[in-house]
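Asks: I am attaching a structure below and will ask some questions about it afterwards.
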Amino acid sequence: MTISIRKTLLTASVSLFALFAAQAVSAQEAVFVLNTSEVGAPTYNPIKANNLNKATTLIFDRMVSQAADLSFHPWLASSWEEAPDGMSWTFHLKPGVTFHNGEPFNAATIGPWLEAFKGSENAYMTEAVASVEVVDDLTVKFVMARPEPNMLYNLSSSFMSVIEPKSYAALGDNYGVTEVYGTGPFKMESFTIGQETVLVRNDDYTWGSPLAKNTGPAHIAKITFREIAEDSTAFLELKTGGVDMLLGVPADLLSEVKKEPNLAVVTLPGQDVYYMPINVTKAPFDDIKVREAVAKAINQEEILASVFGGVGAVADTFLISALPEGHVADSAKIHFDPARSNALLDEAGWVMGADGVRAKDGVALKVSLWTQSDSIFRRLTEVVQAQLKAVGVEAEITTFDSSMIRDQYKTGTQQLAVRSYDWDNADIVDWFFGADRLGYPNISMFNDPKAEELRKAAMTGSKNMAERVANFTAYHEYVLTQFPMAPIYQPVESVAYNADRLVMPAELNAPVVGSTAVMDMEVKE
Amino acid sequence: MYSYLIRRVVMLVPVFLAVSLVIFLILHFIPGDPIDNLLKVGSSPEARAQMEARYGLDQPLPVQYGIWLSKVMQGDLGTAIVARRPVSDLILQALPHSLRLGGFALLFSSVVGVGLGVLAALNRDKWPDKAIMGGVLLGSTMPSFWLGLILMLIFSVWLGWFPVSGARSASALVLPVLTIGLGGTALVARITRIAMIEASGRDFVTLLHAKGLSPLRIQLRHVLRHALIPVVTILALRIGWILGGAVTVEVVFARPGLGTLLIKSLSQHDYPVVQACLLMLAMAVMLGTLLGDILQAAMDPRVRAALA
């Protein structure tokens, strides 16, 4: 069936459109479709970008690579040492590395690269580095203004992709748009914003991350990254053989993909958490008992099964499970416990009425429940509403347009909401519960003196990674016990590909399908 | 005639000002702002204020409008906040794609629309007329994004004749052109038919019949010429609408163009880009209207005489 479709396509394109460029893709060339959230990323300049797409990770290498378990491994830096007081880092660089324009990568690259961050959108990545000392041609020392336990995380982020400083300075705003030079396994051939990026193999590449089996040149010679905003269009392209891989498949298309015999799906732990913020300043949620009661009324297992078809995992903390800071004491984890929920509401004086809604002093337990207009949130929120009803809380759903809901949160009038975030670092706890950002991002309006103390320690008081993990775990754990939110669900990230065309590596030691996967990927000839 | 032209062009100025004000105000009263899209986890409130100042978003609205308008008048559309490059670059990159799509769609709907309209008029109240008008009604009531997906399913997935999406080959243009063109065809066919029927009842047609000309020759040589005047006016008006109507079609077919740019920028609240896109679309409608008036004046001797 598939073959006949492709044959028809081929015959048709040859006979009818001989004059036009052929659509069929030849050997060791592949077409990937970027995730819809990455559509329209305007530049490949990692320093000035807010949004970078997957192709970035093939043009550039990074100092440090990150494995599936989020641990850090060498890449352009072959090893490193951190001073015990956190006030300096020494990096030993891999020899023999060159940029696409022939410039060498060595200790002289690092200073101007970090310098370029100053005053840029991503300045916070390097803020803690006071200066860079060149020790020898392949050794650099970061002299720190303050300890930065997040240094390796930052160095593994695509925003800290290593740029070529000379062309970076010469090209100005055109760097990353018209031309771009990294040390990565692929060179940029062309880039049309919002449309497509064509990458060709860097045949000189021998310095790949050890997380991939292949550290030499990639098997695939040419990759076209297409940007398709409409998921169903992207799916039809995959189905008809117009493209070989979709780097993001929405949950509702997954069953369609699985119906096609030639298509396969790779799932990886996602970086999203779905949760229900609880506004701690709005009655009745100023009472911690009521907060705990609604948090424990959420049946995460039921939601996983009924809303998400069993794909993904339940969330019982605020962080994705891969993060070490998510390993809090079991007592702090938030699980479905209807008996406890009912008991707490009774204790707080909310008495179950004949109509199934609790009341106190003649006031019914009716609250507002906000969400955004995307269909998945509407479905999920209706289930949450039903689960709250089961313990006698009547929640009225208000749906806002996704692009406008932030402004609504800023008013601080919300009570409950259902939303999600996408982040792979524990500092997200600071972002959503820090007292200096009430309204949005701190939708819970959480402002607790003890939490603020722990937050300060976590954000700036850690000298090294181990301390940072300990401090953030303590902060995270304390926040959980105050119930400013209820964790719900952790999705997976799904990538779909044409198994007649692509051979995926059997094992993938990376948090996402990106450069590590592409290095080991092959096109069937 | 020239004074009429000048008058029409001068009249565009207040219309342009009004349109620009409406575009500006609507955008700024939509909740949400572009800075939210730029701020990363960890940004301080100071960083926010700094960024607002950088893009002039801290100024009062009338000042922002004044600055924008005066720059637009000088041909400077500003710099995109999220995409961070001159808006004119983005527009120039997108516009040729939209013009190509719109141009072919207009061509399709004029040729096919006039053809069907004539065919329907010649067979007035007989079955071809009813079939054409029925089909045309169906075509015009289908939402374009849905029609696009249906065409994609039939011609790309089942028959495999055309690529599903993109703009990588000329064959990829066929389905989007059909999607937009079919909607316009309905309108053109209906106007042609009515105009033909109306013109057939005129005295000069009776005279031509009396002179013994063949009915088909009368219809195609004389009646159609008359009937085309309103059709051409409608087609000129469609220019602007076709660019606007391409918005959803471009997104469905993942084509570059003003529509894709507009939708993307709207979701990012990238005001300068959205303003420029809307301004382009509004200008297209205004110029289309102007062109319609001029063509009508040029084609209709009565209007020409009245203006002289």
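The values are calculated or read from the model by the stated rules, or taken from the named source; none is laboratory data. Remember, it's a predicted structure, so these values are computed and weren't measured experimentally. Note: ideal-geometry Cβ built from the backbone for every residue, glycine included; neighbour counts use all protein chains shown. What goes into the accessible areas is simple: the full protein's heavy atoms, side chains included, and nothing from ligands, DNA or RNA. Shrake-Rupley method; radii C 1.70, N 1.55, O 1.52, S 1.80 Å.
Asks: For the range A:130-149, which positions are in contact with a helix residue (DSSP H, G or I) (Cβ under 7 Å, 6 or more places away or on another chain) and open to solvent by less than 20 Å² (accessible area, probe 1.4 Å)?
Replies: Within the range A:130-149, A:139, A:140, A:149 qualify.
Asks: Can you confirm whether residue B:300 is open to solvent by less than 60 Å² (accessible area, probe 1.4 Å), among the acidic types (Asp, Glu) and in contact with a Pro (Cβ under 9 Å, 6 or more places away or on another chain)?
Replies: no
Asks: When the residues of the range A:308-331 are narrowed to those that are open to solvent by 20 Å² or more (accessible area, probe 1.4 Å), in a loop (DSSP other than H, G, I, E, B) and out of contact with any strand residue (DSSP E or B) (no Cβ under 7 Å at 6 or more places or on another chain), which ends up modelled with the lowest pLDDT?
Replies: Once the filter is applied, the top-ranked residue is A:309.
Asks: Which ones in the range A:477-505 are farther than 24 Å from residue A:222 by Cβ and over 17 Å from the mean Cα position of the chain (by Cα)?
Replies: A:477, A:478, A:479, A:480, A:481, A:482, A:483, A:484, A:485, A:486, A:487, A:488
Asks: Please enumerate the residues belonging to the range B:254-308 that are of a type in the set (Val, Ile, Thr) and either closer than 24 Å to residue A:230 by Cα or touching a residue at least 40 places away in the same chain (Cβ under 8 Å) (or both).
Replies: B:260, B:263, B:273, B:274, B:285, B:289, B:294
Asks: Under the condition of being at pLDDT 50 or above and assigned to a helix (DSSP H, G or I), which residue from the range A:12-55 is least open to solvent (accessible area, probe 1.4 Å)?
Replies: Per the stated criteria, the residue is A:38.
Asks: What number of residues in the range A:407-459 are part of a loop (DSSP other than H, G, I, E, B), closer than 30 Å to residue A:68 by Cβ and within 14 Å of chain B (Cβ to nearest Cβ)?
Replies: The number of residues fulfilling the criteria is 7.
Asks: Residue A:436 fails exactly one of the following numbered conditions: (1) without any contact (Cβ under 8 Å) to a residue 12 or more places away in the chain; (2) open to solvent by less than 10 Å² (accessible area, probe 1.4 Å); (3) over 30 Å from residue A:492 (Cα atoms). What is the number of that condition?
Replies: Status for residue A:436: all satisfied but (2).
Asks: Quick check: anything in the range A:399-412 in contact with a Pro (Cβ under 9 Å, 6 or more places away or on another chain), crowded, with 18+ Cβ neighbours inside 10 Å and without any contact (Cβ under 8 Å) to a residue 24 or more places away in the chain?
Replies: Yes, some residue in the range A:399-412 is in contact with a Pro (Cβ under 9 Å, 6 or more places away or on another chain), crowded, with 18+ Cβ neighbours inside 10 Å and without any contact (Cβ under 8 Å) to a residue 24 or more places away in the chain.
Asks: Among the residues of the range B:134-167, what is the count of those that are under 18 Å from residue B:250 (Cα atoms), more than 10 Å from chain A (Cβ to nearest Cβ), modelled with pLDDT of 85 or more and surrounded by fewer than 16 Cβ atoms within 10 Å (Cβ to Cβ)?
Replies: Of the residues in that region, 2 qualify.
Asks: Only one of B:231, B:251 is of a type outside the set (Lys, Arg), surrounded by 20 or more Cβ atoms within 10 Å (Cβ to Cβ) and within 14 Å of chain A (Cβ to nearest Cβ). Can you tell me which?
Replies: Going through B:231, B:251 in turn, the sole match is B:251.
Let's see how each residue does on (1) among the hydrophobic types (A, V, I, L, M, F, W, C); (2) over 30 Å from residue A:95 (Cβ atoms); (3) out of contact with any strand residue (DSSP E or B) (no Cβ under 9 Å at 6 or more places or on another chain):
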| position | (1), (2), (3) |
| --- | --- |
| A:36 | no, yes, yes |
| A:42 | no, yes, yes |
| A:52 | yes, no, yes |
| A:66 | no, no, no |
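Asks: Sticking with this one: Here is a check on your reading of the model: is residue B:131 closer than 21 Å to residue B:100 by Cα, without any contact (Cβ under 8 Å) to a residue 24 or more places away in the chain and surrounded by fewer than 18 Cβ atoms within 10 Å (Cβ to Cβ)?
Replies: no
Asks: Can you list the strands (runs of 3 or more DSSP E) found entirely within the range A:99-201 that contain at least 2 residues being polar (S, T, N, Q)?
Replies: Those strands (runs of 3 or more DSSP E) span A:186-192.
Asks: If only one of A:58, A:52 is among the aliphatic types (A, V, I, L, M), touching a helix residue (DSSP H, G or I) at 6+ places or on another chain (Cβ under 6 Å) and within 14 Å of chain B (Cβ to nearest Cβ), which one is it?
Replies: A:52
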